[in-house]
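A quick write-up on the structure given underneath.
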Amino acid sequence: MVNDCTSDTARARLVPLIPSVIGLRGDNARVRLLIALRAATSALPVTSADHQRALAVGILNCARYLTEANGTIPDDVALRIRNSFDAAPATERWARDFIASMGSWSRSKFTDRTAETIIRVSVQGIAEACVPDPDGQLYDLLAGAIDDCTMVLTPAPKARPARATANPTHVAPTHRAKTKDTARV
């Protein structure tokens, strides 16, 4: 969608991002949540009022599903949400009131279609926004979404256990006789 909504002159700027998505696949449900959240929080401050309410509800919905079992949300995600709502505070109030009026909120599910709708409204909203550089904002959205996917889908290398130093300062003498097995060690 970013490619489709980017101007012809700015499209070439997207090319260097292509290698970063090759092989980036997986079925982790957090991916769609993080991409939808990044799109909505990027678009909320710049998109038209028509889209802001839907995106604000989308942000709260994403946040609800990204909240960890202990009731917290990762700090970077919470900051992104806060910054977005600070840029459009009336939409946050409206979305919270709307959600409170919906008695079935707890039974709703976050589906692929939900994510696709949030992303579509966000990308189109940024592309149509009356801002100085919508192409730059679309680029930043795509680059950030790629980073989010990489974080979730590419496991961090595990730390190796500490090894004994190559030149220990003291080695206890061994008093066993060499056998066939100990000679191989």
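The values are calculated or read from the model by the stated rules, or taken from the named source; none is laboratory data. Here the structure is a predicted model, which is why all the values come from computation and not from measurement. Heavy atoms of the whole protein, side chains included, go into the accessibility calculation; ligands, DNA and RNA do not. Shrake-Rupley method; radii C 1.70, N 1.55, O 1.52, S 1.80 Å.
At a probe radius of 1.4 Å, what is the per-residue accessible area of Cys5, in Å² to the nearest 10?
That residue has around 50 Å² of solvent-accessible surface.
Could you give P(r) for the stretch 1-80, binned at 10 Å from zero, as whole percent values over all Cα-Cα pairs?
Over the stretch 1-80, the share of Cα pairs per 10 Å bin runs 15, 36, 36, 12, 1 percent.
If I stretch the segment between Arg120 and Ala29 completely, what's the gain in nm (0.36 nm per residue apart, minus their alpha carbon distance), one decimal?
Extra length available between Arg120 and Ala29 comes to 30.9 nm.
Which value, in Å², gives the accessible area per residue of the stretch 4-111 when a 1.4 Å probe is used on the protein heavy atoms?
Averaged over the residues of the stretch 4-111, the accessible area is 58 Å².
For Ile73, what residues show an amide H to amide H distance below 5 Å, using hydrogens built from the backbone and excluding near sequence neighbours?
Glu68
Multiply the residue separation of Asn83 and Arg13 by 0.36 nm, subtract the distance between their alpha-carbon atoms, and state the gained length in nm to one decimal.
22.5 nm
How much solvent-accessible surface does Thr47 expose, in Å² to the nearest 10, with a 1.4 Å probe and all protein chains in place?
That residue has around 10 Å² of solvent-accessible surface.
Once the piece of chain linking Ser101 and Arg64 is laid out straight, how much longer is it, given 0.36 nm per residue of separation minus the C-alpha distance between them?
Length gained, Ser101 through Arg64: 11.7 nm.
Please work out whether the stretch 39-91 counts as rounded, prolate or oblate from its C-alpha gyration tensor, where a ≥ b ≥ c are the square roots of the eigenvalues and a/c under 1.5 means rounded, while otherwise a/b larger than b/c means prolate and anything else oblate?
prolate
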